1. Taking Val85 as the residue in question, decide whether it is modelled with pLDDT of 80 or more and either farther than 30 Å from Arg121 by Cβ or not assigned by TED's automatic domain parsing to the domain that holds Gly145 (or both).
2. Exactly one condition in (1) at pLDDT below 90; (2) in contact with a strand residue (DSSP E or B) (Cβ under 8 Å, 6 or more places away or on another chain) is false for Ala144; which is it?
3. What about Ala153, is it in the same structural domain as Arg284 (by TED's automatic domain parsing) and either assigned to a helix (DSSP H, G or I) or on the phi < 0 side of the Ramachandran plot (or both)?
4. Does the stretch 197-204 contain any residue that is assigned to a helix (DSSP H, G or I) and either surrounded by fewer than 21 Cβ atoms within 10 Å (Cβ to Cβ) or more than 26 Å from the chain's Cα centre (by Cα) (or both)?
5. Between a first residue in the stretch 203-225 that is touching a residue at least 12 places away in the same chain (Cβ under 8 Å) and in the same structural domain as Leu241 (by TED's automatic domain parsing) and a second residue that is buried (at least 20 other Cβ atoms within 10 Å of the Cβ) and part of a helix (DSSP H, G or I), which pairs have beta carbons less than 8 Å apart while being 6 or more apart in sequence or on different chains?
6. Among the residues of the stretch 169-196 satisfying the criterion of being under 13 Å from Ser267 (Cβ atoms), of a type in the set (A, V, I, L, M, F, W, C) and assigned to a strand (DSSP E or B), which is farthest from the chain's Cα centre (by Cα)?
7. How many residues, within the stretch 264-284, are within 12 Å of Leu173 (Cα to Cα), crowded, with 17+ Cβ neighbours inside 10 Å and touching a helix residue (DSSP H, G or I) at 6+ places or on another chain (Cβ under 7 Å)?
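The values are calculated or read from the model by the stated rules, or taken from the named source; none is laboratory data. This one's a predicted model, so the numbers in the text were calculated from it and none came from an experiment. FYI the Cβ positions are ideal-geometry reconstructions off the backbone, even for glycines, and counts take in every protein chain you see.
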Amino acid sequence: MNNIHLPTIKQLRYFVALEALGHFGHAAEACHVSQSAFSVAIKELESLLGVQLVDRTNRSVTITPVGHEVAVQARLVLRDLENLVELAQTGSEPLTGKLRLGVIPTIAPFLLPRIMPALRRQFPKLQLYLREEITARLHEQLMAGELDLILIALPYELRNVEVMPLFHDPFLLACHNGTKRVDPEHYSFNRLNAESILLLEDGHCLRDHALSACRIRSLEKVSRFAASSLLTLIEMVDEDLGITFLPAMAKGSPMLKSTRIGLHPLSEKSYREIGLAWRKGSGRVEEFRELGGFIQGQKERIIPNDD
């Protein structure tokens, strides 16, 4: 085997800080070293790798394209080292220490409040850090090493990840009580007027899942005015500006308790699938699967009165 000189942990930490903060002084301060020592470490890293990581021609720091790629891999390396230390410290005890979980906005407000008390009791040493974002951004952060795993709705095309499906989350018809737009007991898509259906804007997977699962075959039925968030979608339905389709886990949510919105089952089985995803090759697969099994066991809490 060739004698390959590898970067030090210190060099990788410094460069990750520089890429994140975009300023030599601020990054040096964050790493608790002098700016001169910090700059020397970055130059040594560039020399070792044989590439330019930072463009120093401008007053502000500019990370080169290859520098951004190196930063992504450096974060993964540092995270794997942290996992190694945590594994050694905790031994065979599962789900202890830090875990960074990303959750999409159409799952987080419904699922998390219902499982967190039981999760804390089951795994008291788990330090769970949560981040709420749309699926595309969570996937980017997962691949950049900023998250350990993500809780998302399927189907969704994800590269270089392993997915563990957990359970089905049926869609329900959501409409204002007493609305004239639809007969919720005898719902028929064909009877809807044009622009009757309110959905989230592009970028939210709930929009795509509703279009597909609820068999919305004609976009003429969908309002051109899309909601920017789940809360605004609910508010518009509460004002009887249209109908929508919400996941069954929304039943009993505080988001709906003060509204005049009723949830009604659909005759056709329409659902999204909830799943966990993590980077392929992760050393914590068994832990992630155990967390997935725990969430599966909480389904009755997550989806009350599921038929």
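1. Details: modelled with pLDDT of 80 or more: no; either farther than 30 Å from Arg121 by Cβ or not assigned by TED's automatic domain parsing to the domain that holds Gly145 (or both): yes.
When the stated conditions are applied, Val85 does not pass them.
2. (2)
3. Working: in the same structural domain as Arg284 (by TED's automatic domain parsing): yes; either assigned to a helix (DSSP H, G or I) or on the phi < 0 side of the Ramachandran plot (or both): yes.
Yes; evaluated as a whole, the condition is true for this residue.
4. In the first step, residues of the stretch 197-204 are kept if they are assigned to a helix (DSSP H, G or I); the result is none.
No; the residues of the stretch 197-204 include none that is assigned to a helix (DSSP H, G or I) and either surrounded by fewer than 21 Cβ atoms within 10 Å (Cβ to Cβ) or more than 26 Å from the chain's Cα centre (by Cα) (or both).
5. Close Cβ pairs (under 8 Å, with a partner that is buried (at least 20 other Cβ atoms within 10 Å of the Cβ) and part of a helix (DSSP H, G or I)) amount to Cys205/Thr135; Leu206/Leu230; Ile216/Ala210.
6. Leu173
7. 2
Results for (1) in a helix (DSSP H, G or I); (2) in contact with a Gly (Cβ under 8 Å, 6 or more places away or on another chain); (3) at pLDDT 90 or above, shown as yes or no for each residue.
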| residue | (1), (2), (3) |
| --- | --- |
| His264 | no, no, yes |
| Glu268 | no, no, no |
| Glu273 | no, no, yes |
| Trp278 | no, no, yes |
| Gly283 | no, no, no |
| Phe288 | yes, no, yes |
| Leu291 | yes, no, yes |
| Glu300 | yes, no, yes |
| Asp306 | no, no, no |
